[in-house]
Amino acid sequence: MKKVFSRTSSLRDVDTHYCSGCGHGIAHRLIAEAIDELDIREQVIGITPVGCAVIAYNYWNFDCVESPHGRGLAIATAIKRVRPQNIVFTYQGDGDLAAIGTAETIHAANRGENLTVIFINNAVYGMTGGQMAPTTLIGQKTATSPRGRDIGNEGYPLKISEIVAQLPGVYSVERVSCDSPKGVLKAKSAIKAAFKNQMDNKGFSLVEVLSACPTYWSLTPADSLDWMQNTMSKEFPLGKIK
Amino acid sequence: MAHIKIKRDKCKGCMLCIKVCPKGQLKEDSVLNKKGIKPVVFLGQDCTGCTFCGVICPDTAIEVYK
């Protein structure tokens, strides 16, 4: 009898602080698996965000640097330019990458930095208590939009992947979703491809991972997957954008 | 025959594995684990080793053998 699925060695054998059914756990594992399959653990430097994943460095078994809120890509730029032999990636949520860090994101993409960005989109601010994020869907109820997001008051969901894909310096942009085993496997191959792009000096690669936040969506984890398939992926269409 | 191993004390009881198992080989336990939640247990009759449960598990609590 052969072991066909288990924890990979880049993922530490510790309990995470994430809520039950949180998509961060899946995304952490996919990154660790991609890194181990490409055999680049000794070269990788991860930039962890501010947000729910702020202590992701406790869960990964490779080097990480913690960034101030939203500044992940500024730090990644510096590290990659000083140490071009290292594989540098940022792991950022929607509050970090699409709200406070929009300037850093857009400009790092526009400069075409040779970096890998893993953008976790769960349409809500998890760490601070479920407030509205730039990516919150129209009509979605959050702590700061209790009657649902209203276009007149709060505007439309910000589609960072589509915005970034317009920039000539960007090599690859893909949106995937951890809403089913098939979706998770697609997400893994997208993340692996994004690391491979950096190894081949192709340039800026961004993978947007739609991820569940059952706690602040006020759904069960199982219903969260259905909501992602039926509602969230309508607003954020999946697939290769660039 | 294929089977899975569930790390009882790692499980947070999200039950995503129950949702995705094509053979319905998982169910909620009636006994609490160390975390104080009811984890998932394997029924162990008709597992094909498809790894869906392990792939969807956010806490890497499942190992699959085939």
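The values are calculated or read from the model by the stated rules, or taken from the named source; none is laboratory data. The model shown is predicted, which means the values in this text are computed figures rather than measured ones. Side chains included, ligands, DNA and RNA excluded: accessible areas come from the protein's heavy atoms. Shrake-Rupley method; radii C 1.70, N 1.55, O 1.52, S 1.80 Å.
Assorted remarks:
- Surface exposure of chain A, expressed per residue as accessible area with a 1.4 Å probe, stands at 40 Å².
- Ligands, DNA and RNA are left out, and with a 1.4 angstrom probe the accessible area of the stretch B:3-65 is 45 Å² per residue.
- Here the Karplus curve 6.51 cos²θ - 1.76 cosθ + 1.60, taken at θ = phi - 60°, turns the phi angles of the stretch A:2-12 into couplings of 9, 6, 9, 8, 7, 5, 8, 6, 6, 10, 5 Hz, with x standing for Gly and Pro.
- Spatial separation of Cα centroids for the stretch A:121-185 and the stretch A:58-102, in angstrom: 20
- Chain A: calculated mean residue ellipticity at 222 nm from DSSP helix runs of at least 4, using -39500 (n - 2.57): -9000 deg cm²/dmol
- In order along the stretch A:211-226, phi translates into HN-Hα couplings of 9, 7, 10, x, 4, 8, 8, 6, 10, 6, x, 5, 5, 4, 4, 5 Hz, rounded to whole numbers, per the Karplus curve 6.51 cos²θ - 1.76 cosθ + 1.60 with θ = phi - 60° and x for Gly and Pro.
- Close amide H contacts of A:PHE236 (hydrogens built in the peptide plane, cut-off under 5 Å, sequence separation of 5 or more or a different chain): none are found.
- In the stretch A:2-26, comparing the full protein assembly with the chain on its own, the residues that lose 50 Å² or more of accessible surface at a 1.4 Å probe are A:LYS3, A:VAL4, A:PHE5, A:ASP15, A:SER20.
- P(r) of the stretch B:3-65 over all Cα-Cα pairs, binned every 5 Å from zero, in whole percent: 4, 23, 34, 26, 12, 3, 0
- Note on A:TRP217: accessible area approximately 30 square angstrom, rounded to 10, probe 1.4 Å, nucleic acids and ligands left out.
- Solvent-accessible area, 1.4 Å probe, carbon plus sulfur percent, for the stretch B:3-65: 55
- Accessible area that becomes buried as B packs against A, both chains, 1.4 Å probe, Å², nearest 100: 2300
- Listing of the stretch B:22-66 residues, each with accessible area lower by at least 20 Å² in the full protein assembly than in the chain alone (probe 1.4 Å): B:LYS35, B:THR51, B:PHE52, B:GLY54, B:VAL55, B:ILE56, B:PRO58, B:THR60, B:GLU63, B:VAL64, B:TYR65, B:LYS66
- Using θ = phi - 60° in the Karplus curve 6.51 cos²θ - 1.76 cosθ + 1.60, the 3J(HN,Hα) couplings for the stretch A:67-74 round to 9, x, 4, x, 9, x, 6, 5 Hz; x is entered for Gly and Pro.
- 33 Å tail of the calculated P(r), chain A, as % of Cα pairs: 12
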